[in-house]
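The values are calculated or read from the model by the stated rules, or taken from the named source; none is laboratory data. Nothing here was measured: the structure is a model prediction, and the numbers come from that model. All Cβ positions, glycine included, derive from the backbone under ideal geometry; neighbour counts span all protein chains shown.
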Amino acid sequence: MLWKTDPTFYPSPTLAMQVPVEKLAYVAALNANGGSQPDTQVVVDVDRESDKYGQIVGRVDMSNVDGNPRTGNPGTDGAYPKF
């Protein structure tokens with residue numbers, strides 16, 4: 001199998017600075033304490049020109065609290081997030 005370079009990886013800071021600025025950040029919010037809340041994936045607005053800059057604009061709660069996100073649905077209700 002021929003290995004291909006990941007097109008989202010930039011081999012130098014100079015090349016990375018030539019692409020458009022990110023508008024969203026995808027952040028894993030893990031329940032490390034083992035409580036009753038599930039792990040969550042949140043989407044944060046990182047567009048400095050946006051009214052919602054720095055705010056969570058989307059989230060997906062894993063449906064299981066067993067520490068294994070692969071066993072759950074996309075969200076607690078089985079739906080994908082609406083932005």
ask   = Does any residue of region 43-57 turn out to be of a type in the set (Ser, Thr, Tyr), at pLDDT below 90 and assigned to a loop (DSSP other than H, G, I, E, B)?
value = no
Count - residues of region 1-29 that are surrounded by 10 or more Cβ atoms within 10 Å (Cβ to Cβ), within 24 Å of residue 54 (Cα to Cα) and free of Cβ contacts under 8 Å to residues at least 12 places away in the same chain = 1
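Give me a count of the residues in region 23-42 that are of a type outside the set (Gly, Ala, Ser), over 14 Å from residue 63 (Cα atoms) and at pLDDT below 90.
Going through region 23-42, the residues of a type outside the set (Gly, Ala, Ser) turn out to be 23-24, 26-27, 30-31, 33, 37-42.
From what is left, the residues that are over 14 Å from residue 63 (Cα atoms) are 23-24, 26-27, 33, 42.
With at pLDDT below 90 added as a condition, the list becomes 33.
Qualifying residue count for the region: 1.
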query = Residues in region 30-44 that are among the aliphatic types (A, V, I, L, M) and crowded, with 16+ Cβ neighbours inside 10 Å: how many?
reply = 3
